[in-house]
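Heads up: the structure comes next, in structure tokens.
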Amino acid sequence: MEKQSTRLGVGLGLLITAFLITGLLGFSLTGRGSEQVLASSAGTKAQVRNFKLYVRDTTLKMPDGKQIYVFGYTDDPQGPAKIPGPVLTVNEGDTVNLTLVNDKDPTKTSFNPDGDGHTIHLHGLDLPSAMDGDPMTSPTQDSVKEGSQYTYHFVAKEAGTYWYHCHESATEHIQMGMYGAFIVLPRGGDTHYAYAGTPRFDKSYTLVLSDMDSGAHQQDYTNLHSGGDNPNWTQYRPDYFLMNGHAWPDIMDDPSSFIQATVGQHLLVRLINCGYTVHAIHSHGFHFTVIATDGRKLSDPYQKDTLLLAPGERYDILFDLNQAGRYMFHDHIEQNTTNNGDYPGGMMTFINVNNPDGSNPVPMSSLHMNG
Amino acid sequence: MEKQSTRLGVGLGLLITAFLITGLLGFSLTGRGSEQVLASSAGTKAQVRNFKLYVRDTTLKMPDGKQIYVFGYTDDPQGPAKIPGPVLTVNEGDTVNLTLVNDKDPTKTSFNPDGDGHTIHLHGLDLPSAMDGDPMTSPTQDSVKEGSQYTYHFVAKEAGTYWYHCHESATEHIQMGMYGAFIVLPRGGDTHYAYAGTPRFDKSYTLVLSDMDSGAHQQDYTNLHSGGDNPNWTQYRPDYFLMNGHAWPDIMDDPSSFIQATVGQHLLVRLINCGYTVHAIHSHGFHFTVIATDGRKLSDPYQKDTLLLAPGERYDILFDLNQAGRYMFHDHIEQNTTNNGDYPGGMMTFINVNNPDGSNPVPMSSLHMNG
Amino acid sequence: MEKQSTRLGVGLGLLITAFLITGLLGFSLTGRGSEQVLASSAGTKAQVRNFKLYVRDTTLKMPDGKQIYVFGYTDDPQGPAKIPGPVLTVNEGDTVNLTLVNDKDPTKTSFNPDGDGHTIHLHGLDLPSAMDGDPMTSPTQDSVKEGSQYTYHFVAKEAGTYWYHCHESATEHIQMGMYGAFIVLPRGGDTHYAYAGTPRFDKSYTLVLSDMDSGAHQQDYTNLHSGGDNPNWTQYRPDYFLMNGHAWPDIMDDPSSFIQATVGQHLLVRLINCGYTVHAIHSHGFHFTVIATDGRKLSDPYQKDTLLLAPGERYDILFDLNQAGRYMFHDHIEQNTTNNGDYPGGMMTFINVNNPDGSNPVPMSSLHMNG
């Protein structure tokens, strides 16, 4: 939370200004109220994709009962923040209008009367400055303040795994929960290939990795609602470690994080590190092939069983699920497989590989959840 | 140490259950009391390799006098824990029976009357769930408790650098010392090639890297023997940094860690990060070629002088020792080349390259050990 | 700071000793008082390059007013330490005489009456032990103490990005500021190619990354000037994060760190991590191609937008600046883009891409410096 005095005008003005300034939109936009189909050069149908995100706060409940104050994006203006924000999926070549509506800013309190405002930075999409979501370089020279909205308008040029996050007061706002996955499928929306020329897969999962310092979140809440100092972020020390917003064992109840497949299948996992520390993801039962990083196909894929992800990095990895069973898939920084120090917990899920008849050598009923 | 109430039956029952459940052993096992020779498809002789590991505790003495309580594996039931556990070396194609005998569990105390039990996870060997050493997915739904034993039975399918560690209460047990190297030589047991098709080497060393938080070890001991809280592992802060269980300068007395070679030789070093933090290994005097990671040959080797290893990762690197002298080989995270803050110490060794006549431009007698 | 009792003789003796011991200089040295031109085998002119570095201390002033005591190298005996030390640039094939003159050792105080002495380790240049700058293996078995000097003499064999740093009391001395970039241009000194066979670039920047724990620096100063304990380096926790010795927004006033280019240009950035923690450098607006690491060309370059650098590692990356604007280029370990916790700050710069007429979609006057 920082003090900023500039108050912005309404969103429409912003939008017009943005388009005038960028001058980078090389095709005719045929509509924006709903999805429109454009002819693309490849003969497949590119679409106009419209998304609206709002900013809300909420409290995450950890498996050990700890409550963590967060704020983040949601596509449901009636609901709380989603941590992570909704997965936004488009096809290569699609035109995207991603509107950030700041109708109710959780950072606007009597102790921070202007509110911080927010933005959406599309990490990895290489957008021009006006669409980049960095308030320092935005044409309005500020973030989207309460009462305003802004549409990030762009063509999704290259298939791959990306993410979005707020860049206003970035150290605070990302940590507080303002991040989500942004997936660009290959042209035509093929759901069996991550990139042109990479191997076919049967199923895919997107795992958003993050870490949280519950004490810093508490201090941030107090700062916003009762005054007092902001956390000193250089003293960051996470005590909860999340996949798609959940810590083990709650991860097992989240179908987006508990991987279910059948022996013989090929599996794509998109790993995105939205946290503030490195994570070293290890799979039991299988090596995997690293086929891409940061939304770019590798010309020379390689195999790993333990993969280091830096904050902000993404890796696309492929599994050949050649044996049935139930296999841990977790951070091998062992202190991160705890909830505030208690093992098992944290950044840990399973790859459940059934036999074709649905049976499993390790029946779910026998899964020993206490580690 | 966690509280677990299930008490297991004897090991034989476990073993039978395991074999019935897995149904994954695709060849006839001809014996297990001693090493047996099997015919392999490649015409070389695959063997049956039997290992037994026990769990013991001990105290590591650091160069500055600090004593660190540890527990870990040993192949000598009369001796203390070995930190790291013994290097287990087999040939590609060998059948392995690795028996964990929990006859005396150092975690079974009056303050933890059931004991934690232990397992062996063969990190990187991609074993089926029943042999995976993860108590959550084991057919017995638990670890190997005191009074029991369990045999991990598998074929070592692919040459490479792996490791083993306990997966019961993993955050605690690995930190306390339950890890060791597992090396699979190419078929036939060739000791001059790490993988089929990688360059020849003359000598090889395996360096198990780890880090320890002496305060957490002390608290763990107190918890086991006097009660009180477990360490909060998210507050992990290591103060000792080890190669093969030793910190500089004690490393120089360990022939498995102080590298000795002759100019003109090619050297393989297998690096295994069994610690809880990243390590950045730097060589003076030479770049090295990274030929494999996580037990898989790279199709496109590359050269480095400083290599980052995540917890759980392995790298196989080759040196062309083209100049005589004595060269530091150490973690370039500089605080890790200390013993509790005092330089020189910690994760540091030397590559000693003699002339063919045994002389060295830097005589050992002149090595200035105080940094 | 460590206590060392050996007092060295004068520099000339050292120099002669060094040359006698190494016996590794395979060509005739034609002079050393000034730059000399040697015939090289490739037909281009190799030169003799002479540098002198001194050791001084100073105080860095951070953007928030914090003063950090440092000591480091300088090529100006009348001036304070430069943090980082001067960029030393030579051509492949050049003969280098790099003299460390310890005429005034900032570590020699009444509380440390012998002084620590200093060295120059040329990280990545793979020099023989006598020229390696590691006091443990130097022929004099010590560092260069006050009143002495030493010339590191070598041929720069391979183009690439390297660095130099002190190896005496390395954990302390590097942290205190004793590091700088060492660049070897391709043979002939071509400034448009980083290596033979890598793509042409128009402009290049060298970014020395580092991190500092201001409390440890204060304690180090106190130790030297008032007695008391050294910092316990295992408790290292940085609170300032620097590019070429500056933290945002001061970086914007440093032409070596604030990147200025024109649309259509190709940009080389040499990244060197001289810090004690990993850094994850992210570019807005562009992916970049990783062409080399640790001074060695990659046979298989790859694209990234977020790149992890371990302490000691270097990466050479190429940008194709295909859009005008102003783009953040920063550590994505978000707590590192603060000054002692306050965002924006720390390890953050911009890539400023003007139109050919000098205009920019984001006028500098509008850059919103408060984040």
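The values are calculated or read from the model by the stated rules, or taken from the named source; none is laboratory data. Treat the numbers as computed from the prediction; the structure is a model and nothing was measured. For neighbour counting, all protein chains shown are included, and Cβ atoms are generated from backbone atoms with ideal geometry for every residue, glycine included. These accessible areas exclude ligands, DNA and RNA; they are computed on the full protein's heavy atoms, side chains included. Shrake-Rupley method; radii C 1.70, N 1.55, O 1.52, S 1.80 Å.
General observations
- Relative contact order for the stretch C:203-366: 27 percent, from Cα pairs under 8 Å spaced at least 6 residues apart, divided by residue count.
- Where labels lie 7 Å past Cα in the beta-carbon direction, separation of B:S299 and A:H192 in nm: 2.2
- Partner aspartates and glutamates for B:K61 [C-alpha distance under 13 Å; skip if fewer than 8 residues away on the same chain]: B:D250
- Listed residues B:G79, B:S143, B:G160: farthest to the positive end of the dipole of the stretch B:48-185 (Cβ charges): B:G79
- Only aspartates and glutamates eight or more places from C:K108 in sequence, or on another chain, were considered; those with a Cα closer than 15 Å are C:E2, C:D57, C:D116, C:E146, C:E168, C:E172, C:D220.
- To the nearest 10, the accessible area of C:D229 is 120 Å² with a 1.4 Å probe.
- Antiparallel bridge percentage (DSSP; both residues within the protein assembly as shown; nearest 5): 75
- Rg over Rh for the stretch A:49-111 works out to 1.07, both radii taken from alpha-carbon positions and Rh defined as the Kirkwood radius.
- Cut-off under 5 Å, modelled amide H: who pairs with A:H282 long-range: A:L307, A:H330, A:D331, A:H332
- Value of D in µm² per second that Stokes-Einstein yields for the stretch C:123-215, Kirkwood Rh from Cα pairs, at 20 °C (1.002 mPa s): 138
- Rg/Rh ratio calculated on Cα atoms of the stretch A:217-266 (Kirkwood radius): 1.27
- Amide hydrogen neighbours beyond the local backbone of C:L298, cut-off 5 Å, H modeled: C:A292, C:T293
- Unit charges on C-beta of K, R, D, E only; dipole of the protein assembly as shown, Debye: 1780
- Result for chain B in a Gaussian network model with C-alpha springs under 10 Å: among B:V208, B:V70, B:V48, the largest mean-square fluctuation is at B:V48.
- CD proxy at 222 nm, helix term only [per DSSP H run n ≥ 4: -39500 (n - 2.57); per residue of chain A; nearest 500]: -2500 deg cm²/dmol
- Cα centroid of the stretch A:242-268 to Cα centroid of the stretch C:69-98, whole Å: 53
- DSSP beta bridge pairing in chain C, given as percent antiparallel to the nearest 5: 75
- Nearby aspartates and glutamates by direct alpha-carbon distance to A:K45 (threshold 14 angstrom, same-chain neighbours under 8 apart not counted): A:E35, A:E92, A:D94, A:D190
- DSSP finds beta bridges in the stretch B:203-366, and of those with both partners inside it, around 75 percent are antiparallel.
- Leading residue at positive end of dipole, the stretch C:48-185 (Cβ point charges), from C:H173, C:T99, C:V70: C:V70
- Size of electric dipole in chain A: Cβ of Lys, Arg +1 and of Asp, Glu -1, about Cα centre, debye, nearest 20: 780
- Debye log10 I(q)/I(0) for the stretch A:43-191, one point scatterer per Cα, at q = 0.11, 0.14, 0.17 Å⁻¹: -0.42, -0.66, -0.93
- Shielding of peptide C:181-190 by partners, expressed as the average count of other chain Cβ atoms within 10 Å per residue Cβ, is 0.
- A simple charge model with +1 on the Cβ of Lys and Arg, -1 on the Cβ of Asp and Glu and nothing else charged puts the dipole of the stretch A:203-366 at about 480 debye relative to its Cα centre.
- With a threshold of 24 Å on the Cα-Cα distance, the over-threshold entries among A:K297/B:K297; A:K52/A:K297; B:K52/B:K145 are A:K52/A:K297.
- Considering only alpha-carbon pairs that sit under 8 angstrom and 6 or more positions apart, the relative contact order computed for chain B is 14 percent.
- When the alpha carbon coordinates of the stretch C:203-366 are projected onto the principal axes, the ranges are 58, 43, 23 Å, largest first.
- Descending semi-axes in whole angstrom, ellipsoid equivalent of the stretch C:164-282, from the Cα gyration tensor: 34, 16, 11
- Equivalent ellipsoid semi-axes - Cα gyration tensor, the protein assembly as shown, angstrom: 42, 42, 28
- Cα-based radius of gyration for chain B, normalised by 2.2 N^0.38 Å, reads 1.01.
- Copy A relates to copy C by a rotation, and the A residue whose beta-carbon is nearest that axis, with the distance in whole angstrom, is A:D300, 3.
- Per-residue 3J(HN,Hα) values for the stretch B:146-157, derived from phi via the Karplus relation 6.51 cos²θ - 1.76 cosθ + 1.60 with θ = phi - 60°, read 3, x, 10, 9, 8, 10, 7, 10, 6, 9, 7, 7 Hz in sequence order (x marks Gly and Pro).
- Rounded Å value of the spacing that divides the Cα centres of the stretch C:286-346 and the stretch A:110-138: 20
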